[in-house]
Amino acid sequence: MRIILADHHEQALQAMKELLEEYEVFECIGGAVDAQGLLQLAEDKAPDLVLVDRELPGSSIQVLIDRLHAIQPRPTIVVMSSNCEYGRVLLQAGADAFISNADDPDWLLEKLYKYAKQIKIKEEANRNNRA
């Protein structure tokens, strides 16, 4: 699964990248520290999943989600926040999932594996439909 990471804290970005690189199923194809960088990466690299911090500078999260949804093929968008109260708001704004920064990394990995499996199923269905 091709993932783009976006967080305004470079240390958090690097830590997440190192965690995901330990697993063969995840391919980190880029990282961004602001909205403009994220959108450019998403357009250039066509990720399967975007893992984005709610407080990414350069755009409101609603506008950012809308713009990411417009990118083809549409990536899955998972938004991270330290404030669990934003979960419902982020899902209503169009995020595919919400993850608290306080969640255990193993829970995050389990969630990402679930998305990887869903993406693989969609890819296989698309290949079968074209055949």
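The values are calculated or read from the model by the stated rules, or taken from the named source; none is laboratory data. All values derive from a computational prediction rather than experimental measurement. A quick note on method: Cβ atoms are made from the backbone with ideal geometry, for glycine too, and the neighbour counts reach across all protein chains shown.
Give just the number: which of (1) surrounded by 15 or more Cβ atoms within 10 Å (Cβ to Cβ); (2) among the acidic types (Asp, Glu); (3) modelled with pLDDT under 85 does Glu123 not satisfy? Every listed condition holds for Glu123 apart from (1). Considering the stretch 89-110, and only residues there that are surrounded by 13 or more Cβ atoms within 10 Å (Cβ to Cβ) and more than 22 Å from His9 (Cα to Cα), the residue that is nearest to the chain's Cα centre (by Cα) turns out to be Asp96.
Sub-7 Å Cβ pairs linking a first residue in the stretch 16-39 that is in a helix (DSSP H, G or I) to a second residue that is among the hydroxyl-bearing types (Ser, Thr, Tyr) and surrounded by 13 or more Cβ atoms within 10 Å (Cβ to Cβ), at least 6 apart or interchain, are Ala35/Ser59, ordered by first then second residue.
Specify which of the listed residues (Lys120, Lys111) is more than 15 Å from Met16 (Cβ to Cβ) and not acidic (Asp, Glu). Spell out the reasoning first.
Values: Lys111 fails: more than 15 Å from Met16 (Cβ to Cβ).
Just one listed residue meets the conditions, Lys120.
Residue count for the stretch 1-12, restricted to those that are more than 12 Å from the chain's Cα centre (by Cα) and not charged (D, E, K, R): 4. Checked against the criterion of being among the small types (Gly, Ala, Ser) and surrounded by fewer than 17 Cβ atoms within 10 Å (Cβ to Cβ), the candidates Ala35, Ala12 yield just one match: Ala12.
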